[in-house]
Amino acid sequence: MPKGPKGEKRPADVIGNAVKIMKIATGEIEDTPDVKPGKNAAAAELGRLGGAARAKSLSKKKRSEIAKKAAEKRWKQ
């Protein structure tokens with residue numbers, strides 16, 4: 001069965017998929033992607049916040065050094 005952008009199951013045929021999208025658009029059914037097993041929603045949320053907190057705690061000079069190092073790695077390939 002085909003999977004959507006977030007891994008949710010979608011109908012394999014075109015008409016079935018169109019009907020499902022129509023039902024989602026009209027509010028007949030709710031489009032809620034399945035949560036992958038093993039993923040803790042609270043931990044995922046904290047992970048998203050971690051990058052911003054780390055950037056806020058670093059000095060401008062240190063952030064610049066990290067960015068230069070990352071750019072060198074990208075361009076080295």
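The values are calculated or read from the model by the stated rules, or taken from the named source; none is laboratory data. Computed from a predicted structure; not experimentally measured. Glycine also receives a Cβ, built like all others from the backbone with ideal geometry; neighbour counts cover every protein chain displayed.
Okay, here's what the table says:
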read-out: Near pairs, Cβ below 6 angstrom, 6+ apart or cross-chain, from the stretch 8-19 (at pLDDT 70 or above) to any residue that is surrounded by 10 or more Cβ atoms within 10 Å (Cβ to Cβ); value: A12/P2; N17/R10; N17/P11
read-out: Restricting the stretch 29-67 to residues that are modelled with pLDDT of 90 or more and either closer than 30 Å to N17 by Cβ or loosely packed, with under 10 Cβ neighbours inside 10 Å (or both), the residue that is farthest from the chain's Cα centre (by Cα); value: K61
